[in-house]
Structure formats: C-alpha cells, structure tokens
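Here is the structure we will look at.
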C-alpha cells in the first residue's frame, strides 16, 4: 500500500511525532511505501518525493503582516490545499493518515483529498489518529487553563464557550479565532469525510463519539511502546514523578502532598512552568529533565511512581513506561489512566485532584512492602502493544475491517 502520513510537524517535537516516525518505519519494514506531508522546517527529517511542504508557521515570530494574516490562515489554508495536491498527484496514496493538522495545515486539506479522489476516481481512505481532543475542543484539552477545571462546554459544537472562557492561552483574540475555526468546519461538515478515527483510549472514544460525524467510525487503540528487557532491580527509598511540571499534570497537588509527608523521599524528573515551586521542599530532589538510560535507572529503582494528572489524559506514555520497567504506578482516576492500571494488582488509583486521598494512598503504599512487591511482580507480566502488534491492528483500520 501507499500511505501518506500527515502531521504539521515533521521533526521530533512531541508524542505525535514519535508516533508517526515509528509507525512509518514499521510500515516500511512490512513492505509499504510511506511518504509524509506537513510544514517545512530546518529540522524536518522525513518528506515526500514531490518536495511539497507548507511554509513554517511560527506564531511567536514573523513579520507584522504575517501575524495579521495568521488568524485567517489558522482557519483555512489555500497553500496547504495546493501543496498537498502536488503530493497526492505525485504519490497517489491508498491511505491518507491524518494526525495533528489543525491551525497550521487546517482541515482544508481534507477537502483537497476528497476533491483529488473524485477527480481521479480513486478509493483513498482517510484515517485520523486523535492525539488530543482538538476536533471537539478548540484548545485541544477539554480543560480551561485559566481555572484549571476540566470543561466540556464545547462538546456538541458550542464553540463560543471557548471565547467566553478565554481557553486558548488566556487570550480573548486567540480564543475567538478558535471558536470561529470550530464553527466554520462544523458548518462545512468536513469531518464527515474522515473514514476512521483512531482513539488512544476508550475514554477518548466516548468523547469523540459526541460528534455525530464520528459515531460509528471511532476505534479505541492504545498507544504502542517499545518492549524492554525485564530485570530484577533493587529498589531504593524514593517515590518518583517524571514528566512536565504543570498545573494540569497535578503538580501543585503532588507538591502539597510531599510537604505533608516529610518522612518520604521524592525525586522529580522533568521541567515546566511550575519548576520553582519545587524549591524549598526538603524531601523533594529535582533532577531536571532526564531521558534514555538515566531516566530508565530512575524508574527502575523507584519503589513506585506517581502520576497525579488532573486533566483528561488519554494514554500517557509515562504510566506505560513505568510499568514496563517494573515500577508500579499510583495514578489519578481520570481520563484513560484507569485503562492502564489494574487497581490493586499492578498499581493503584486515587481520586484525581483529591489531596487527602493522594496523601493517604502514598503513605499506605510506602509503608506496605507486601503491596510493593506484589505490584512490582505483576508489572513484570504487564503487556502493552509493541509497534509490530500495533501494525496489524492499524492495517485492519486502513482496509476498513476494524470496529
């Protein structure tokens, strides 16, 4: 098969980019031809034979004129339609696999794919992997960053709520553009042309099904993770948090819990806007951002890790990674997290945002060596899809035999 993978960023930038690169490599390994479409960038590491990419939209820079044009370009992109048509004419894909495309590439590319199919009498399926909630929520998160509260006001297409809540970067102007973008594509009913929506959790599937255009097309498919060697590791006396230091991740609640548990040692590995709040807490050691073998060692040696998120997480890689390295997770019971943790088998859940419940669960698990051993042993038998496992499932979606 010929598969065109579409993503706004074509360089290492986050989870969706890791996904498209590893999936693309796997598809090629199985004999398929893969090309990519997205924005041009000095770090771009994949591409297409037509050498057609949209110009890089840097919302934090550019000329005054370009900044004035950005609101219009984030809703509809004539450039993106023209450029993807060049790729479609040259590559003639059997599948167009959309990933993160809104605001930079815009849904206008879907209209061009449909037009190309009609002009050429081709059956090219459009598959979309939802890495966040953007097609039902203008700020991607179903969470108001100003209040820190989860919010579903835009579900059902009531996008003016984004403007009222200033949900995009706290800006009335940016939030208005987000609302306009939502209404524009809702009126065009453009998403009806998407043939299948891959959701990385059952929780996300329920939210995506709220859009009548997606119902009957959604498939829940957890993310893949590379398999690792199972090792017996001597645990050390600390609890680990690794990830972003930000409000929606529940960091403020976790820091307060640490303060009230002075006899327990915590290691934080990461970075983010709330980094300064860690200073002065005597039982927290902030080691900064870690990756590779350094992070692996921290995970393996922790008695357990904590994932205290307070927004609708989808399929957090940190939870999966911790379990793969044999370290149980105390996770918040929100979003897709409960789908990854077998409560009181290979980890535990606590009430998201509930400080006292978090304190109690950390303290009880820290003092219960029997539970730690049981959960650690059970993590050794926890299995997630590898990219090769995922490949066979995504192929069923590509050919229309999943659901």
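None of the figures in this text is laboratory data; all of them are computed from the coordinates on show. This one's a predicted model, so the numbers in the text were calculated from it and none came from an experiment. When we count neighbours, we look across all protein chains shown, and the Cβ atoms used for this are built from the backbone with ideal geometry, even at glycine.
Summary of values
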quantity: Relative contact order (%) - criterion: Cα under 8 Å, at least six apart; region: the chain; calculated: 12 percent
quantity: Extension gain (nm, one decimal) between residue 51 and residue 188, 0.36 nm per residue minus Cα-Cα; calculated: 46.3 nm
quantity: Rg ratio (alpha-carbon, reference 2.2 N^0.38 Å) - region 239-379; calculated: 0.93
quantity: Backbone N under 19 Å from the residue 209 label point (7 Å along Cα→Cβ), restricted to region 109-134; calculated: 128-134
quantity: Helix 15-29 vs. the chain, principal-axis angle (Cα, 0 to 90°, nearest 10); calculated: 70 degrees
quantity: Degrees between helix 387-398 axis and first principal axis of the chain (Cα, 0 to 90, nearest 10); calculated: 40 degrees
quantity: Relative contact order [Cα under 8 Å, 6+ residues apart], region 92-147, whole percent; calculated: 43 percent
quantity: Calculated FRET value between residue 377 and residue 279, using beta carbons and R₀ = 35 Å, to 0.05; calculated: 0.45
quantity: Antiparallel DSSP beta bridges within the chain, percent to nearest 5; calculated: 5 percent
quantity: FRET efficiency estimate (nearest 0.05) - Cβ-Cβ, residue 147 to residue 367, R0 41 angstrom; calculated: 0.70
quantity: Rounded to 10°, Cα long-axis angle of helix 78-91 versus longest principal axis of the chain; calculated: 80 degrees
quantity: Sequence ranges 366-376, 287-297, 31-41, ranked by mean other-Cβ count within 10 angstrom, highest first; calculated: 31-41, 366-376, 287-297
quantity: For the chain, calculated [θ]222 nm from helices alone, where every DSSP H run of n ≥ 4 adds -39500 (n - 2.57); calculated: -11000 deg cm²/dmol
quantity: Cα-based Rg of the chain normalised by 2.2 N^0.38 Å, two decimals; calculated: 1.03
quantity: For region 330-345 versus region 138-214, the gap between their alpha-carbon centres in whole angstrom; calculated: 25 Å
quantity: Inter-label distance for residue 271 and residue 115, nm, one decimal - labels placed 7 Å from Cα along Cα-to-Cβ; calculated: 4.2 nm
quantity: Percent RCO, i.e. relative contact order, over region 239-379, from Cα pairs under 8 Å lying at least 6 residues apart; calculated: 23 percent
quantity: Projected label distance in nm at residue 236 and residue 293, using a 7 Å step from Cα toward the beta-carbon; calculated: 1.6 nm
